[in-house]
Structure formats: structure tokens, C-alpha cells
Amino acid sequence: MGKIQNIVNHLHDRGSKRPIPYNHRKTIIASSSNCSHLTENNLPIPSSYNKIFASAWTDTDHVVVGTKCNKLLEINVQSGAKREIPLMRSAYPREVPDQSAGIHAIAMNPSRSFLATGGHNVNDLALYTMPDFQPYAVGEFHQSWLFGISWINDFMLCTGARDGNVCLWTIFDVEGFSTYVPDCGIYRKTPIEILKNDGIERIRDTHFNPYCERLGSIGYGSVEAKMCILDVRRPVSKLLFSHLPVIRNCRV
């Protein structure tokens, strides 16, 4: 029973981004072979929805998923109940890409008061206030599909997209970067800082390490996979750029 509890604690700590005590690490390694104690519980999704690309827990009973057909669903894992969350549209809609990419990223801020994901336009960032999914803002800048979202703290987040750009956003109403649109009841936002990853044509994901305040972005150039480590303390700056021993083998 102790080993099962250690695995559960490890997964919880990892998901909540709390540091894992050193004296627990050996126990975690020793108990990693006991994952057979964890059982899978499949939750059926109606056939009208395509495959799931992204997911995030909103509380102990609910998970939000994003699909290839560009739908956002909240699922109660206890009852199986589902509801579709309306996707946010810009107050001044841009042209929607011909080919829908779906929702590839969902992320909650540390206090779980905001949820960030893609919008009706797959290039846009959408921000909802939680737990009621009230539309708050649409972020507009990326010229291609949004693939990565990482919260820096409760008030700032980074996005990475297929246009090769990393953008830094804030939920605050900052003059010049945020405009309230009364007719829609939402903010229209632009990034407070933009960093072009030279050599990375398309960013596939981003992850933030809160302990060293570094953001990792991964993507690819014309052939090779590449990684970039950024210091996100303003102004955003590059710390490391590396080629990865992986050859591009996909179309997106």
C-alpha cells in the first residue's frame, strides 16, 4: 500500500509543479515498476467528435479536452457527463485558416483562476475565467496554428506557434496591449513581447520551469528538430539553442 501511495503522491506533486523532496526520489524510482496498480478508465466520447489533442484537469472531478475538430469539452470523470464550451471569437475576426488544426494546448494558471487555450480561429489565444468558463480575452498575433501554452505565473503566459514565434502575454489591462470591447464583453490582446526563434520555423510545444525561470520551446527547421531555452524575465532573451538528433518526419 505504501508503494501505491508513493506513486500517487509523485504524480500529484509532478502535476502541481511542487518540488519533489530528495528523500522521496529513491522510493519513487523503486516503486516505478508498480504502475500496474494503476487502472485505466476509458471515458467514451461521442463519435461526432474527432481525436483528443490536449487536456487539463480543472479540479479533482473535471477535465477539459481539446479535439482535432476544434471543440472544447468539459468531462466529469465520475459521472461521465459532458458539456461543450463555446470557443471564443475575436471582436474583429481574422480570416480563419482553410485547414482547421484543432486545439493543441490547454493550460491552467497556478491559482487555477484562468484557463488558456485556442480560439475559434486556431491561430488565436483564448482566455477564460474559472471555474465558470466566462470569456475574458482573445489574444491575436500568431499567423499559424497555436501549439504551446505555458503560464509563467498567475498573470503572465507564453505561447508558441507554427509561425516560429514565442509570445509573452499578460492578463492585465495594459495600455497599448489590451483593449476592452464592450459589445463583446471581452478584451482584445496583443503580446507584450515577441521573440522570433531563428532557425525554428514551427514551434511544436513550450514548457516553463518555475524553479529556474526558464522556458523551453521545441520545434523544427527545414529538416532537423531544434530546441531553444529562453530567460523569460523581461526582456526575453535566448540562453541556449541546440539541434536535436531527430529528423523531421511529419507534415505539421
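The values are calculated or read from the model by the stated rules, or taken from the named source; none is laboratory data. This one's a predicted model, so the numbers in the text were calculated from it and none came from an experiment. Reconstructed Cβ throughout: ideal geometry from the backbone, glycine too, with neighbour counts over all protein chains shown. The area values use the complete protein model at the heavy-atom level, side chains included, leaving out ligands, DNA and RNA. Shrake-Rupley method; radii C 1.70, N 1.55, O 1.52, S 1.80 Å.
For region 72-92, check the following and say yes or no: at least one residue is acidic (Asp, Glu) and either at pLDDT below 90 or part of a helix (DSSP H, G or I) (or both). No, region 72-92 contains no residue that is acidic (Asp, Glu) and either at pLDDT below 90 or part of a helix (DSSP H, G or I) (or both). Among the residues of region 122-139, those that are over 14 Å from residue 112 (Cα atoms) and assigned to a strand (DSSP E or B) comprise 125, 126, 135, 136, 137, 138, 139.
Residues satisfying the criterion are present in region 170-189 (criterion: among the basic types (Lys, Arg), outside any loop (DSSP other than H, G, I, E, B), open to solvent by less than 70 Å² (accessible area, probe 1.4 Å) and under 28 Å from residue 227 (Cβ atoms)). So how many residues does region 95-117 have that are open to solvent by less than 10 Å² (accessible area, probe 1.4 Å), more than 22 Å from residue 210 (Cβ to Cβ) and small (Gly, Ala, Ser)? So the count comes out to 2.
Let's see how each residue does on (1) over 18 Å from the mean Cα position of the chain (by Cα); (2) on the phi > 0 side of the Ramachandran plot; (3) modelled with pLDDT of 75 or more:
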{"site": "162", "(1), (2), (3)": "no, no, yes"}
{"site": "175", "(1), (2), (3)": "yes, no, yes"}
{"site": "184", "(1), (2), (3)": "yes, no, yes"}
{"site": "199", "(1), (2), (3)": "yes, yes, no"}
{"site": "218", "(1), (2), (3)": "no, no, yes"}
{"site": "231", "(1), (2), (3)": "yes, no, yes"}
{"site": "239", "(1), (2), (3)": "yes, no, no"}
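When restricted to residues that are open to solvent by 70 Å² or more (accessible area, probe 1.4 Å) and of a type in the set (Ser, Thr, Tyr), region 52-82 contains 3.
Among the residues of region 52-71, which ones are without any contact (Cβ under 8 Å) to a residue 24 or more places away in the chain and part of a loop (DSSP other than H, G, I, E, B)?
Of all residues in region 52-71, those without any contact (Cβ under 8 Å) to a residue 24 or more places away in the chain come to 52, 60-63.
Selection gives 60, 61.
Within region 122-146, restricting attention to residues that are open to solvent by 10 Å² or more (accessible area, probe 1.4 Å) and charged (D, E, K, R), the residue that is nearest to residue 172 (Cα to Cα) is 140.
For region 150-166, enumerate the residues that are open to solvent by 20 Å² or more (accessible area, probe 1.4 Å) and closer than 20 Å to residue 66 by Cβ. Within region 150-166, 162, 163 qualify.
On the basis of being modelled with pLDDT of 85 or more, in contact with a Leu (Cβ under 9 Å, 6 or more places away or on another chain) and of a type in the set (Lys, Arg), does residue 188 make the cut? Walk me through it before giving the result.
Numbers: modelled with pLDDT of 85 or more: yes; in contact with a Leu (Cβ under 9 Å, 6 or more places away or on another chain): no; of a type in the set (Lys, Arg): yes.
Against the criterion (modelled with pLDDT of 85 or more, in contact with a Leu (Cβ under 9 Å, 6 or more places away or on another chain) and of a type in the set (Lys, Arg)), residue 188 does not qualify.
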